[in-house]
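Single-structure report; data block below.
The values are calculated or read from the model by the stated rules, or taken from the named source; none is laboratory data. Fair warning: this is a prediction, and the values are worked out from it, not measured in the lab. Here the Cβ positions follow ideal geometry from the backbone for every residue, glycine too, while neighbour counts run over all protein chains shown.
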Amino acid sequence: MSQKVIPFHLAYFLAESHVQSWGRPWSGNNAKEWMNPDLYVFVARELERAGFDYILMEDNLYVPDAQNGEMDIYLQRGLSCPRRDPMIVAPYMLQATRHIGIIPTVSTFAMHPYLLARMIASMDQLSDGRAGWNIVTGSSDRAVQNFGIDAMLEHDLRYDHAAEFTDLANALWDSWEPDSIIADTKSGVLVDPAKVHTIDFEGEWFKSRGPLNTGPAPQGRPVVAQAGSSPRGRRFAAQYADTIVAEGHNLDYAKKYREEVREMAVGFGRNPDDIKLMMVISPIIGESEAEAAEKLRLIKQYNLDNAVGLLARYSKITSIDFGQFPLDEPLSSDGLSTNGSRQTLIEFVRRNEGRTLRQATADMHTPDERWIGTAEQVAGQMRDAILHVGGDGFLLGGLITRRYITELVDGLVPVLQRMGCTRTEYTGRTLRENLRAF
């Protein structure tokens, strides 16, 4: 008897910078070649070969000093820096491909909506409709201080600010009607002036006359990604996002998250089927169970040996200096609060309270054993997870090496395709069309 299958989407989370993998096995010469775009181009071409919908490019805008008040550990170990602006890297990846979408991260505190709308529309035009925008509000005072601002807005207020930013960007993308370019050589008219409009937008934080000067984007409004998990973040995602990122270690949580966002989307007048929830997982693929188990053992040992460096990432994300706490004493939530990433802190404490900080940190950086095994085993788990959650796909991630990408593309994906879980060819022209294909 064949297993029930719900077709699902695949995307890739290009987190941090590929320099992160420097010094690890099979990382090649990343430590010296991290400025070269070749690895990014390789990743884009390979994932397109496997039918991935998009690559989401994470970003931040500062050199962290969250642990012990110093930049040293972040610089010494290549944690979150150095990195390039994803808006500059994305065109290299789009130029090298024809179907896969590229979604760079842009923070709403770091750019005016007009400039953001113009840049994303330009990328959408140059790629024939494959550009997107990952909206983040930011979480670190250090980031906004680089832009002359003393401190981040309060958590929920950041989303109000981001909502106004997005409303203005959408108005600018809408300022050219889709059929505004007529290119009539007989009359000598390129653009119909009646179909290009000022927007005269004025809000609490932003003001713009409009219209954009780019012309219409192929997708109209480019695809929007978002990862808000707080109550305010979920409302924001339900109102604006085409694709939403959620952690994949707790399937009941992902199911509830998806149901809540879909219900809220209806309240905003949206079709919930237009929103694709992507669960973040980091599969470890082996030719045998024993090989996969050995890979996991090496990861666990590395994480224990490098807990100080890994903990520095949590200090950065949560804006809490975990370096002040003993590594080998139980973790307590007493007195812990943040204006940074609240959900990351909540989840870190929930999963680890009472355990030592060293063990908690190592385990939080260890892939969920549900996603470790042979390609057939992991593919089966992915199929079953989608059936449990109800949809819509996975945002795969891991250390960015050519070997890891090849294990996904030539190991895992062919099994998923044979099972009927993922596409074997692209049917849409644009990123949005491919996201809505099923």
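Observations, loosely collected:
- Against the test of being more than 27 Å from residue 170 (Cβ to Cβ) and in a helix (DSSP H, G or I), the options 142, 118, 83 yield a single qualifying residue, 142.
- The condition of being surrounded by fewer than 22 Cβ atoms within 10 Å (Cβ to Cβ) and either of a type in the set (Lys, Arg) or assigned by TED's automatic domain parsing to the domain that holds residue 295 (or both) holds for only one of 358, 432, that being 358.
- Residue match in the stretch 10-22 (condition: of a type in the set (D, E, K, R) and more than 23 Å from the chain's Cα centre (by Cα)): no
- Qualifying positions in the stretch 86-104 - within 12 Å of residue 14 (Cβ to Cβ) and in a helix (DSSP H, G or I): 86, 89, 90, 93
- For residue 137, the conditions (1) in contact with a Lys or Arg (Cβ under 6 Å, 6 or more places away or on another chain); (2) among the polar types (S, T, N, Q); (3) surrounded by fewer than 22 Cβ atoms within 10 Å (Cβ to Cβ) all hold with the exception of (3).
Yes/no matrix, rows are residues, columns are (1) modelled with pLDDT under 95; (2) acidic (Asp, Glu); (3) surrounded by fewer than 17 Cβ atoms within 10 Å (Cβ to Cβ):
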{"residue": "47", "(1), (2), (3)": "no, no, no"}
{"residue": "57", "(1), (2), (3)": "no, no, no"}
{"residue": "67", "(1), (2), (3)": "yes, no, no"}
{"residue": "76", "(1), (2), (3)": "yes, no, yes"}
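- Candidates 225, 194, 217, filtered to the one that is closer than 27 Å to residue 126 by Cα, of a type in the set (Gly, Ala, Ser), buried (at least 20 other Cβ atoms within 10 Å of the Cβ) and out of contact with any helix residue (DSSP H, G or I) (no Cβ under 8 Å at 6 or more places or on another chain): 225
- Being in the same structural domain as residue 165 (by TED's automatic domain parsing), surrounded by 16 or more Cβ atoms within 10 Å (Cβ to Cβ) and at positive phi is a condition met by at least one residue of the stretch 198-214.
- Given (1) surrounded by 22 or more Cβ atoms within 10 Å (Cβ to Cβ); (2) free of Cβ contacts under 8 Å to residues at least 40 places away in the same chain; (3) not polar (S, T, N, Q), number of the condition residue 33 does not satisfy: (1)
- Scanning the stretch 122-139 for residues that are in a loop (DSSP other than H, G, I, E, B) and either among the charged types (D, E, K, R) or not assigned by TED's automatic domain parsing to the domain that holds residue 53 (or both) yields a total of 2.
- Here the condition is being free of Cβ contacts under 8 Å to residues at least 40 places away in the same chain and aromatic (Phe, Trp, Tyr); of 206, 201, it holds for 201 alone.
- Among residues of the stretch 405-433, those that are more than 22 Å from the chain's Cα centre (by Cα), within 30 Å of residue 25 (Cα to Cα) and among the β-branched types (Val, Ile, Thr), counted: 1
- If you go through the stretch 102-149 and pick out every residue that is of a type outside the set (D, E, K, R), over 29 Å from residue 429 (Cα atoms) and in contact (Cβ under 8 Å) with a residue 12 or more places away in the chain, you end up with 13.
- Complete set of residues in the stretch 369-391 that are within 28 Å of residue 39 (Cα to Cα) and surrounded by 17 or more Cβ atoms within 10 Å (Cβ to Cβ): 371, 372, 373, 374, 375, 378, 379, 382
- Condition met for residue 409 (within 25 Å of residue 132 (Cα to Cα) and not hydroxyl-bearing (Ser, Thr, Tyr)): yes
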